[in-house]
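Below is one structure, written out as structure tokens; comments come after it.
The values are calculated or read from the model by the stated rules, or taken from the named source; none is laboratory data. As the structure is a prediction and not an experimental result, all values here were calculated from the model. Cβ coordinates were reconstructed from backbone atoms using ideal geometry, including for glycine residues, and neighbour counts include every protein chain displayed. Quick note on the areas: whole protein, heavy atoms, side chains included, nothing else; ligands and nucleic acids left out. Shrake-Rupley method; radii C 1.70, N 1.55, O 1.52, S 1.80 Å.
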Amino acid sequence: MCGIVGYIGSKNAIEVVVKGLQRLEYRGYDSAGVAGISNGKIQIVKKNGRVDILKQTVEDIKFTSHVGIGHTRWATHGEPSDINAHPHISSKGKVAIVHNGIIENYLTLKKELQKKGKVFLSETDSEVIAHLLEEVLEANGGDMIASLQIVQRTLVGAFAVVILSVEQPDMIYAIKKGTPLVLGIGQGENFLASDGTPLVQYTKSVIYIGDGEILRMSAKDFQIYNSDIQEISHKTSTLEMELSMIEKDGFEHFMLKEIFEQPKTILDSMRGRITADFSEVKLGGINKYAPQLYNANRYLFLACGTSFHAGMVARYVFEQWCRVACEVDVASEFRYRKPVIHSGDAIFAISQSGETADTIVAIEEAKEHGANIFGICNVVGSTISRVSHEGAYTHAGVEIGVASTKAFTAQLTVLYLFGLKIAQSKGTLTAEQIKQYNKELLAIPNQVAEILKMSAEILEISKTLKDAHSMLFLGRGVQFPIALEGALKMKEITYIHAEGYAAGEMKHGPIALIDENVPTVIIAVKDSNYLKVISNIKEIKARKGKVIAIITKGDKDIPGIADHCIEIPETSDALYPLLTTIPLQLLSYHTANVRGCDIDKPRNLAKSVTVE
Ligand code: F6R
């Protein structure tokens, strides 16, 4: 969370930085700020609220500078406000910093610096970096690289920090540990950002700055030092991103664009991974660790939020297909419950961003106990993809809407491929079954396209939910995680209280909630639980509850009982989640839209949660 940008070159840095912040707004959007150098002094403009407000302000005052740093914030320490927004400046105005991450020892440092007379203006942890750097610079004769080495070693926590110095107005400096920072190499200009989205418009030539490294960049060149201050060289990478991927492309919201991209993204996640005769799955990312993957005694799926729901689906599917014990846990719980980890456990770390702090910490712990980590990430080069032993990318493309949609179905797709690959190696599915599943998987993109055609119908159902205060989402078996995911989508973008439940659990408590004002969405496709789910629908109707049912096309029974039905095509039981999740995404999207919610930037949220 939080996005940072830096620019130095011949353009107006303030304009470039603010535009970059707009691209990074999905990382945090409660306040934003920018700093440049004007008349030999650091000038800062920062505003509570969205980047648009900052943009208007810098335009009104005609703020220009050849160098600039900026920040869009997701508050951790201190409420969203002008004062707590970044950049933060040191007491004597020598340096300004922007920071993404969290400084765990900031209170101790703050107290020490206050004793030395430093005056803190904000309640943030980040401000300590500016005062500390100024103090260390004074003690080291203004040697910025040496000072940054000391600051880097003093700070405990996770950080990407970009620094502007009044004494070196033609330079930008940066340090990094744990949170991402990308250098964009231009012609006579250089850029820094939390990810590639602010850069792609100007350059595709990038370097991912490593942990413990120190960067100095001018408009013309740059140097990167390791933690011992030796200059190092890095291989340049090419950003795999097009500008069109990060624009709305005619859709009202990124979320809707991303929902509609799913026929393509699901296919992209399978591309080149199923042989032409459907007989085999090929996962290029599994080489050295293939035996550890196939012979593991236990599979563990670790993730947070929506990615956790993908892990839950995988547990059902792997148990059925591979006949191996499986567990799934939210990463933040896993670490703190002193889990029993056996050397040789295979752990799937599932993450869209690849930067979720809880997931990173959990897998690091598991790694120490000898587990083998298989990363399933969307963002190429992300931390989780790097710290995993091996893995596979999901290839969903850049996901900007804060509510995850296409990344989820891409995760499911890749997990299915892993399940089939393992089952094939173990012989727990027959060759015929593998072929059949592969064929059905390849049919999914067209089936998703068919469901998307019902968007207008789903909008009509959403209108009936406009004034709901509370909702239930029910599913059984592999549809239980989809019910949880449906409820999560609904609550995060509509702010309607929504509970996901295993349908069989309904009578053990949640049924008390049901009346004519609490609608229930129930996944009632024709799978092995179908008849039991029909009983659940009847129990709800007997209590005057409104029912929206996701049913299999051609079902003649449920339309006579439920208030609204959304028909989806038929597939096998295990693969249904790839289809049932689509109408739930559309239902949340349209409900949020009719309620006038800020769909791409729901309150209090940020796209990637890089603090524990
Ligand atoms: C919900 C959502 C979050 C993320 C969670 C994990 O729509 O997007 O729940 O799924 O924060 O993020 P990643 O997948 O980046 O680790």
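Which one is nearest to the ligand (Cβ to nearest atom), of the residues in region 483-522 that are assigned to a helix (DSSP H, G or I) and touching a Pro at 6+ places or on another chain (Cβ under 6 Å)?
Taking the candidates together, the pick is Glu492.
Any residue in region 328-347 that is within 14 Å of Glu364 (Cα to Cα) sitting within a Cβ distance under 8 Å of a residue that is of a type in the set (Phe, Trp, Tyr) and not in a loop (DSSP other than H, G, I, E, B)? List the pairs, counting only those 6 or more apart or interchain.
Ala331/Phe308; Asp345/Tyr299; Ala346/Tyr299; Ala346/Phe374; Ile347/Tyr299; Ile347/Phe301; Ile347/Phe374
Filter region 261-288 down to the residues that are among the hydrophobic types (A, V, I, L, M, F, W, C) and assigned to a loop (DSSP other than H, G, I, E, B), then identify the one that is most open to solvent (accessible area, probe 1.4 Å).
Per the criteria, the residue is Ala276.
Which one of these is over 30 Å from Arg153 (Cα atoms), in contact with a strand residue (DSSP E or B) (Cβ under 6 Å, 6 or more places away or on another chain) and of a type in the set (A, V, I, L, M): Ile102, Ile44, Ile14, Ile69?
Ile14
Let's see how each residue does on (1) of a type in the set (S, T, N, Q); (2) closer than 22 Å to Leu415 by Cα; (3) at pLDDT below 95:
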residue	(1), (2), (3)
Ile534	no, no, no
Gly545	no, no, no
Thr552	yes, no, no
Asp555	no, no, no
Ala562	no, no, no
Glu570	no, yes, no
Tyr576	no, yes, no
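Is at least one residue of region 216-225 within 18 Å of Val16 (Cα to Cα), part of a loop (DSSP other than H, G, I, E, B) and open to solvent by less than 40 Å² (accessible area, probe 1.4 Å)?
Checked against the condition, which is being within 18 Å of Val16 (Cα to Cα), part of a loop (DSSP other than H, G, I, E, B) and open to solvent by less than 40 Å² (accessible area, probe 1.4 Å), region 216-225 yields at least one hit.
What residue, of Glu327, Glu368, is more than 27 Å from Ile274 (Cβ to Cβ) and touching a Phe, Trp or Tyr at 6+ places or on another chain (Cβ under 8 Å)?
Result: Glu327 is the single residue among Glu327, Glu368 that is more than 27 Å from Ile274 (Cβ to Cβ) and touching a Phe, Trp or Tyr at 6+ places or on another chain (Cβ under 8 Å).
Would you pick out the residues in region 255-289 that are aliphatic (A, V, I, L, M), touching a residue at least 40 places away in the same chain (Cβ under 8 Å) and more than 16 Å from the ligand (Cβ to nearest atom)?
Ile266, Leu267, Met270, Ile274, Val281, Leu283, Ile286
One residue is enough: does region 552-568 have a residue meeting the conditions within 30 Å of the chain's Cα centre (by Cα) and either among the aromatic types (Phe, Trp, Tyr) or part of a loop (DSSP other than H, G, I, E, B) (or both)?
Among the residues of region 552-568, not one is within 30 Å of the chain's Cα centre (by Cα) and either among the aromatic types (Phe, Trp, Tyr) or part of a loop (DSSP other than H, G, I, E, B) (or both), which makes the answer no.
Mind listing just one residue for me: the one in region 402-435 that is away from the ligand (no atom under 16 Å from the Cβ) and among the aliphatic types (A, V, I, L, M) and, of those, most open to solvent (accessible area, probe 1.4 Å)?
Among those that are away from the ligand (no atom under 16 Å from the Cβ) and among the aliphatic types (A, V, I, L, M), it is Ala431.
Give Leu192, Leu121, Leu133 a once-over and let me know the one that is in a strand (DSSP E or B), of a type outside the set (Phe, Trp, Tyr) and assigned by TED's automatic domain parsing to the domain that holds Ser91.
Every option except Leu192 fails the conditions.
Residues checked against (1) open to solvent by less than 60 Å² (accessible area, probe 1.4 Å); (2) under 25 Å from Gly305 (Cα atoms); (3) assigned by TED's automatic domain parsing to the domain that holds Asn593:
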{"residue": "Ala502", "(1), (2), (3)": "yes, yes, yes"}
{"residue": "Glu505", "(1), (2), (3)": "no, yes, yes"}
{"residue": "Leu513", "(1), (2), (3)": "no, yes, yes"}
{"residue": "Val518", "(1), (2), (3)": "yes, yes, yes"}
{"residue": "Val525", "(1), (2), (3)": "yes, yes, yes"}
{"residue": "Ile537", "(1), (2), (3)": "yes, no, yes"}
{"residue": "Lys544", "(1), (2), (3)": "no, no, yes"}
{"residue": "Ile550", "(1), (2), (3)": "yes, yes, yes"}
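For the list (1) assigned by TED's automatic domain parsing to the domain that holds Lys367; (2) open to solvent by less than 60 Å² (accessible area, probe 1.4 Å); (3) not polar (S, T, N, Q), I need the number of the one condition that Leu442 fails.
Leu442 satisfies every listed condition except (2).
Taking region 364-391 only, how many residues are in a strand (DSSP E or B) and either open to solvent by 10 Å² or more (accessible area, probe 1.4 Å) or of a type in the set (Phe, Trp, Tyr) (or both)?
Going through region 364-391 one residue at a time, the tally reaches 4.
Looking only at region 192-206, filter to residues that are among the hydroxyl-bearing types (Ser, Thr, Tyr) and over 16 Å from the mean Cα position of the chain (by Cα); which one of those is most open to solvent (accessible area, probe 1.4 Å)?
Once the filter is applied, the top-ranked residue is Tyr202.
Could you list, in sequence order, all residues of region 25-38 that are closer than 20 Å to Ile163 by Cβ and at pLDDT below 95?
Matches in region 25-38: Arg27, Gly28, Ser38.
Does Ile599 fit the bill of being at negative phi and within 16 Å of the ligand (Cβ to nearest atom)?
yes
Would region 348-363 turn up any residue that is away from the ligand (no atom under 14 Å from the Cβ) and open to solvent by 20 Å² or more (accessible area, probe 1.4 Å)?
no
Determine whether region 289-308 contains at least one residue that is hydrophobic (A, V, I, L, M, F, W, C), open to solvent by less than 10 Å² (accessible area, probe 1.4 Å) and assigned to a loop (DSSP other than H, G, I, E, B).
yes
Taking Ile582 as the residue in question, decide whether it is touching a residue at least 24 places away in the same chain (Cβ under 8 Å), of a type in the set (A, V, I, L, M, F, W, C) and assigned to a helix (DSSP H, G or I).
So Ile582 passes the test.
Take Ala403 and decide whether it is within 24 Å of Leu267 (Cβ to Cβ), in contact with a Pro (Cβ under 8 Å, 6 or more places away or on another chain) and modelled with pLDDT of 95 or more.
yes
For residues in region 229-248 being in contact (Cβ under 8 Å) with a residue 24 or more places away in the chain and touching a helix residue (DSSP H, G or I) at 6+ places or on another chain (Cβ under 8 Å), which is least open to solvent (accessible area, probe 1.4 Å)?
Ile246
Name the residues in region 364-398 that are under 27 Å from Ser588 (Cα atoms), within 9 Å of the ligand (Cβ to nearest atom) and modelled with pLDDT under 95, would you?
Val379, the sole residue that qualifies.
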